[in-house]
Structure formats: structure tokens, C-alpha cells
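Report on one structure; see the data block that follows.
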């Protein structure tokens, strides 16, 4: 199991859990590693970053490491995670790096590695990176003279990605009033450009990053702001992104949230109607709502369930040749068009269904009725110890027995934070709250909560 890299990269508080030396060494290793594999010329690696204050520091450290090992570093500057993936897979690059901690607060950051195919890096290569970080794989030679790498301003790559997104729209958005919450993050330079070019009347919030306000009271983790914005401005639809814009949550014209589960339902049904739902299946995770499965059953659509993480969703899709999958949190993968979750692409696909079927988002999602669900996160000293504590497990088992077939409880460790997540679905919100609290209180009483 990886020591530093979780399901979504190497993440931690900047210069605490993840420091500038880590970034430099990652660059050093990847520059050398890709250089060994490339038949001619220097290795070429794309770097993108979000708007966090520390992203600039990590960008320069990674570029220094790459060039010191003889690779050329192509800088996309502030951009989205899916744009890095797009540039890598569509042009002659050996790999990509995205600097972002996604939905985390500004003082955290992360390094996401992307392979030659624009996919999240394979575990074998990650383990090699980690072995170098820990000093187990020896020294890497420095490039000298003409073999020292260079940095290249590659903002044109981001512009090509914008052009690609625009090309995917099936109709003009003329006459549609669309709200965008860019989370003061990566999407702020891209999303409005796309929707303006497609003819929408675009209203934007969360588009004034200052290095510290990414995800702060905005974006997909604070969807209530977009709900209010849509209603106050009489908008047709709203889309909220996270810090690196690889996920999207929607708000319908009534101000109601359309989460990842409902997005999967809406577009899955549309694909089935179009004869494009390969295998007649949608890939979900174990966190998806009971209501999604009931609605898919009624629509005659089958589904797979994976562990939480879009990485696992994508692996299942590739293995079985499925075309759509995702998470309740808004990571949606449209495999015909992308190898990662892409928030802006998701927004475009929702607009496509609305325009082609001439229905509002609330009408499209109406057949899916979500079960009440409560999720609480507990910051803990040791995730594994907290989850495996006998008293905690007994509390979980008591809830599971009480719910029977009328609900479920799920307790899992976060792949990106020192957090245990407790989720309950039941017939009423009150029951959900009661059962979640009983488990959370046990975790706290047993002394696992972080001080």
C-alpha cells in the first residue's frame, strides 16, 4: 500500500505533510524515469496547478526537479485537473502533474500524477516514486550541459482544452441563463469562457481567487450559495465545481441540488434512449444512494458498485468497456470523452440532455427519489484504529441490525484526509441523524478524535 499517495494523489498541509522537498524529489524521479523510457529527445511533462498560495511554490519545485533530471517541464499555469489529462493524452507528452488538494482548504495541497494515457498513475510507478522519496532506490544523476531540461510556457494547451470542450456541445445555449460557482479555484479561468462561447447568459460566483479563498464558502462543498444564487437570479440551471474542477454538482431551476447520483441517472437514461449505454450498465460506488438503484431498476438499467474513489470507478469502466460512471460527490466520468472526472464536461452533458429533450433539470431528475442520508466526518488520530475499534464496530453492528433491509450504514476511512466518514441511509432524516450520532459519539468517547 502506498505511504504518501492515496486514491487522489499525495496530499497534506503545505510544507507540513507535503513539503517543497517532496515536490522537488518527485520531479527529480519522474524526469529521470521518463527519460529512461523515451527513445529520443528529452522527456516532456505537463504541469498544471490550482489557485492555492502554495501551488506556485510546488510548481517551481517540481519544474526544478524535472529539469535537473533532464526533462522539459511544460507549464499550463492555473488550470483544471481534467485539462492536464486532456493535454497529456492528446499530445506528445510522457506524463502530467496536477498541483491541487481538490476540495480541501487552501493550506492543504496535493500532487496528482497522470500517466501517458491521461489516466491516474498506476500503483507500480507510484511505489517507485515513493521508494525514491524514502531513499531506497539510490541517487539519480543530474543532467548536465545541453541535457539540462527547460521550462516551457504552455498556456496554449489550456486553450486547446477549452476548444475541445466547446466542440462537444450539441446545441447553442442561446437564451439559457446559467449560473457557475467556480470555487475560487481552477475553473475560474475556463468555465465562463466555455459557456459564453456557447451563447449562454452566464452568471458567475466564486471567480475571484486570492490564494486563500479556494473552496472557502463556495463551490461544490458549499452548494447552498449556488442554490440561493440560482433562485435570486431566476436562472435555468447552476453548476458548482470544486477546487480543481474535476467534479460538478448541479442546481435545478427550483434551487434544488442535483448530486452525482442524479446526474448518473439523468445521463444514463439519456444514453440508453440513444442506444449508447454499452453493457446497459452504469458504474457507481458503495456511497451511492438507494434511491439511485431503485430508479435505475425502474428504468431497466443495470449497475456496478466499486470502492469509493473515481480511480476505482474508472478501472471498472475500462475493464468492462462501460461508458459512464461516477460518485455521488460529483466525480462523473464520460469515458468516450475523458479519462478522469471533469466538472465542466459534466455541465456540458447536463445542458445537452436539457436541450435535446426540451425539459428542465428538475423534470429530468424527478423519477429518482433519494433516500434521506446523513454523512458525518470525524477527524481522528488514526483512521484504521478508529474504524477497527471493537466498541465502534459493535455500535455499527447495532445500527445495521436496527435498519435491516430499510436502510444501511457505511463507515469508511477517507483516502485523502485523517478522517473517518460515517454515513447512514434510512426512511427518515431523524433516524439517519440518530444512528450516525450513535456511532460518531462512540468514536469520540473511545478517544479517537483528533484534538
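Descriptive notes on the structure:
- Evaluated over the Cα positions of the chain, the convex hull gives a direction-averaged projected area, one quarter of its surface, of 21.5 nm².
- In this rough spin-label picture, where each label sits 7 Å from Cα along the Cβ direction, the residue 170-residue 137 distance is 4.5 nm.
- When its C-alpha radius of gyration is set against 2.2 N^0.38 Å (N residues), the range 168-365 gives a value of 0.96.
- FRET efficiency, residue 359 to residue 151 (Cβ-Cβ, R0 51 Å, nearest 0.05): 0.60
- Alpha carbon centroid spacing (whole Å) that separates the range 185-240 from the range 400-451: 32
- A simple packing score, the average count of other Cβ atoms within 10 Å per residue, orders the peptides 45-55, 132-142 as 45-55, 132-142, with the highest score first.
- Comparing Cα centroids, the range 309-338 and the range 128-164 end up 27 angstrom apart.
- Relative contact order, whole percent, for the range 165-223 stands at 41, derived from Cα pairs under 8 Å and 6 or more residues apart.
- Distance (nanometres) between label positions extended 7 Å along Cα→Cβ at residue 320 and residue 91: 3.6
- Taking the range 373-445 and dividing mean pair separation by its residue count, relative contact order in percent (alpha carbons under 8 Å, at least six apart): 42
- Here the sum of -39500 (n - 2.57) over DSSP H runs of 4 or more residues, divided by the residues of the chain, equals -12000 deg cm²/dmol at 222 nm, to the nearest 500.
- Convex hull projection area averaged over all views, the range 44-166, Cα basis, nm²: 8.1
- Put a dot 7 Å past the Cα of residue 117, heading toward its Cβ, do the same for residue 7, and the two dots end up 2.1 nm apart.
- Rounded to 5, percent antiparallel among DSSP beta bridges of the chain: 55
- Relative contact order of the chain, defined on C-alpha pairs under 8 angstrom at six or more residues apart (%): 13
- For the range 249-354, share of DSSP beta bridges that run antiparallel, in % to the nearest 5: 45
Any read-out appearing in this document is the output of simple, stated calculations on the displayed coordinates, not a laboratory observation. Keep in mind that what you see is a predicted model, and the values were worked out from it rather than measured. Glycine gets a Cβ as well: all are built from the backbone with ideal geometry, and neighbour counts include every protein chain shown.
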